[in-house]
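Trainee: Sharing a structure, written as C-alpha cells. Questions coming.
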Amino acid sequence: MIGDIRETKECQLKDPMDLFHSGQVVKICAPMVRYSKLAFRTLVRKYSCDLCYTPMIVAADFVRSAKARDSEFTTNKGGIDLNCGCPQRWAISEGYGACLINKPELVKDMVRHVRSQIDNPNFSVSIKIRIHEDLKRTVDLCQKAEAAGVSWITVHGRSIEERHQPVHYDAIKIIKQSMSIPVVANGDIKTLRDAEKVHHLTEADGIMVARGLLANPAMFAGYEETPFQCIQDWVDIALEHGTPFTCFHHHLMYMMERITSKQEKKVFNVLSSTSAVLDYLNDHYGVW
Ligand SMILES: Cc1cc2nc3c(=O)[nH]c(=O)nc-3n(C[C@H](O)[C@H](O)[C@H](O)COP(=O)(O)O)c2cc1C
C-alpha cells in the first residue's frame, strides 16, 4: 500500500474535516515526492494553504527502513491518504498507485482496513485518484470508497495515460455530483484565479495544487509570482529544518524560475553549497 500523510494548517489542533465543513474552498498542497517535505509544507501554510500532504510513502519501505521513516515521516497526527493516482511505471508494476483505480474492491478493503485499525471514528482517510476513460467506472470506484467510509476524494482529472493533455474538469464535476462526501479538484491550477475558475467549473469542495505551488508557494495568498519575502521565508525555514542542500536549492530554482533571467539562472542553478546560494541572494537581493 502506498499513501501520503496529511496535515492541517493548525496541525495538531484541527480535524481536516472541519475545513471541509467551514463552507470555504479548502486550499491544498499536493503530495510531491522529494518536495512536499515538512519545511516546504511549513512555508506554504504561511501563505494561506489549509492542508498539506507529505510525499508518497511506500508502506513496506516505511516499515522496513529507518532511513525511509526519517526521510519521509516528518509529520503529525493529521490523517492518511491512499495513493490511487501515481502513474509511474514502477508503481503500476508493483500494483501500487494509479492501477488501483481498476481495483475498486481492493480500494474498498483498504479503506475499511485503515478504518478498522484506528479507534477514532473522526480520523480522516482519503484517496487520491485519476479518472478512467469510461467515467462510469470512476463514479463506481468513488461510490464504493464512499460506502467503505472514505472521508473525501481528490481527483486529478486525467487518465493514467494522459500527461500534458487538458484536465477534464467536467469529469470532476460529474464525480462531485455523484458523491455526498467532499471532492477535491486537482490538475493544472497555477494561480488563485485558476483555483477560483476550477472551483466554479467543478463545484469541488477543495483545490489541490502541485507544480503551481513549487513555482510560487505564495499563490494561495493571491500572489501572481513568488514574492521576495517568500524566498526569504524559505531560506529561514529550510535552514531551521536542516534541509539537505539539493532540496533547498531545487525549491529555490522552482521559485525563482519566473522571476530570474536566463543568464541569472545559468549562474544560480549550478551553485553547489548553501553558502554560495546565500552569497548569491545577498548580492542580488541584498536581504541576507
Ligand atoms: C514533483 C512531483 C511529485 C509528485 N509526487 C506525488 C506523490 O508523491 N503522490 C501523488 O499522489 N502524486 C504526486 N504527484 C502528482 C501531484 O500530486 C498532482 O496530482 C499532479 O502534479 C497534478 O497537479 P498539478 O497540475 O497541480 O501539478 C507529484 C507531482 C510532482 C510534480
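Trainee: Which of A147, T54, S22 sits closest to the plus end of the dipole of the chain, meaning its Cα is farthest towards the positive end, when Lys and Arg get +1 and Asp and Glu get -1 on the C-beta?
Mentor: Farthest along the dipole direction, towards plus: A147.
Trainee: Could you line up H132, H164 from fewest to most neighbouring Cβ atoms inside 10 Å?
Mentor: The order, fewest Cβ neighbours first, is H164, H132.
Trainee: Right, here's the next one. Using the structure shown, select from K103/K176; K144/K190; K108/K173 the pairs with a Cα to Cα distance greater than 29 angstrom.
Mentor: Going by Cα-Cα distance, K144/K190 fall outside the 29 Å limit.
Trainee: Please label the shape of the chain as rounded, prolate or oblate, based on the square roots a ≥ b ≥ c of the eigenvalues of the alpha-carbon gyration tensor (a/c under 1.5 means rounded; beyond that, a/b larger than b/c means prolate, else oblate).
Mentor: Verdict is prolate for the chain.
Trainee: Here is a further query. Within a 10 angstrom radius of the beta carbon, how do F228, F20 rank from fewest other beta carbons to most?
Mentor: With the sparsest Cβ surroundings first, the list reads F228, F20.
Trainee: What order, most packed first, do the peptides 53-61, 202-210, 276-284 have when packing is the mean number of other Cβ atoms within 10 Å of each residue?
Mentor: 202-210, 53-61, 276-284
Trainee: Another question, if that's okay. Taking the dipole about the Cα centre of the chain, with the C-beta of Lys and Arg at +1 and of Asp and Glu at -1, give me whichever of V111, Y96, N282 is farthest to the positive side.
Mentor: Y96
Trainee: Let me ask something else. Would you mind ranking K262, K108 so that the residue whose beta carbon has the fewest other beta carbons within 10 Å leads the list?
Mentor: Going from sparsest to densest Cβ surroundings: K262, K108.
Trainee: Loop only by DSSP, 15 or fewer other Cβ within 10 Å of the Cβ. Give me the chymotrypsin sites (Phe, Trp or Tyr not before Pro) in the range 82-136 that pass, ordered by residue number.
Mentor: none
Trainee: Suppose every K and R has +1 on its Cβ and every D and E has -1 on its Cβ; what is the size of the dipole of the chain about the Cα centre, in Debye to the nearest 20?
Mentor: The calculated dipole for the chain is roughly 420 debye.
Trainee: For the chain, what does the relative contact order come out to in percent, with C-alpha contacts under 8 Å and a separation of six or more?
Mentor: RCO, the chain: 17 percent.
Trainee: Compare C142, C49, C99 in a GNM of the chain, Cα atoms joined below 10 Å, and give the one with the largest fluctuation.
Mentor: Of C142, C49, C99, the most mobile in the Gaussian network model is C99.
Rule-based calculations on the coordinates, nothing more; no lab input. Keep in mind that what you see is a predicted model, and the values were worked out from it rather than measured. Because the Cβ atoms are built from the backbone with ideal geometry, glycine has one as well, and the counts that use them run over all protein chains shown.
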